[in-house]
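Nothing in this text is a laboratory measurement; each read-out follows from the coordinates by a stated rule. None of these values were measured; they are calculated from a predicted model. Note that we place each Cβ from the backbone using ideal geometry, even for glycine, and neighbour counts take in every protein chain shown.
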Amino acid sequence: QVQLVESGGGLVQPGGSLRLSCAASGSIFGINVMGWYRQAPGKQRELVASITSGGSTNYADSVKGRFTISRDNAKNTVTLQMNSLKPEDTAIYYCHVSTVWGPFWGQGTQVSVSS
């Protein structure tokens, strides 16, 4: 089993920045891909960004150039730096890891972008 603890959500004005962090514990040696998903009210959960253990990244088109995902394999953390935030980025953001035992999810953290 893998436990995920997220931090860093909040309320920010359009154009602002937030940084989300996720720390993994438990059977961490089985983790392959780490990433972030988000779910806005009335919408399906969608991939925001992901990163492999080797550092290869993947981003949703809507966040390319604004968000940056990074990973510290030694500390078992994944971070999402979000810049130039827009109201449409408002959602609950979930940390996600893919492991040899299957996927695991964090509890979610609210990101709200509003003036």
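Details
- Centroid-to-centroid, using Cα positions, the stretch 77-115 and the stretch 1-71 are 4 Å apart.
- Taken about its Cα centre, the chain carries a charge dipole of about 80 debye when Lys and Arg each add +1 at the Cβ and Asp and Glu each add -1 at the Cβ.
- In the distance distribution for the stretch 61-115, Cα-Cα pairs more than 16 Å apart total 55 percent.
- Projected onto their three principal axes, the Cα atoms of the stretch 1-51 cover extents of 38, 22, 17 Å, largest first.
- Under Karplus coefficients 6.51, -1.76 and 1.60, residue-wise ³J(HN,Hα) of the stretch 34-48 in Hz, glycine/proline x: 10, x, 10, 10, 9, 9, 8, x, x, 10, 7, 5, 10, 6, 9
- Ranking Ser27, Gly65, Gly15 by how far each Cα lies toward the positive end of the dipole of the stretch 15-74 (charges on Cβ) leaves Gly15 at the top.
- Between the residues Thr99, Asn76, Val111, the greatest Cα displacement towards the positive end of the dipole of the stretch 45-115, with unit charges on the Cβ of Lys, Arg, Asp and Glu, is found for Asn76.
- With contacts taken as Cα pairs under 8 Å at a separation of at least 6 residues, the stretch 1-78 carries a relative contact order of 25 percent.
- Amide H partners (placed H, <5 Å) of Gly26, local residues excluded: Gln3
- Between Gln44 and Asp72, the simple spin-label model (points 7 angstrom out along Cα→Cβ) gives 3.5 nm.
- Using R0 = 35 Å, the C-beta based FRET efficiency linking Ser53 and Gln13 works out to 0.50.
- Whole-Hz Karplus values for the stretch 5-13 come out as 10, 9, 7, x, x, x, 9, 9, 7 Hz, taken residue by residue from phi with 6.51 cos²θ - 1.76 cosθ + 1.60 and θ = phi - 60°; glycine and proline positions read x.
- With 5 Å bins from 0: P(r) over the chain, alpha-carbon pairs, percent: 2, 13, 25, 26, 19, 10, 5, 1, 0
- Full extension of the chain segment joining Asn32 with Glu88 gains 17.2 nm, where the gain is 0.36 nm per residue of separation less the Cα-Cα distance.
- Set of lysines with alpha-carbon distance to Lys43 below 23 Å, sequence-local pairs under 8 removed: Lys64, Lys86
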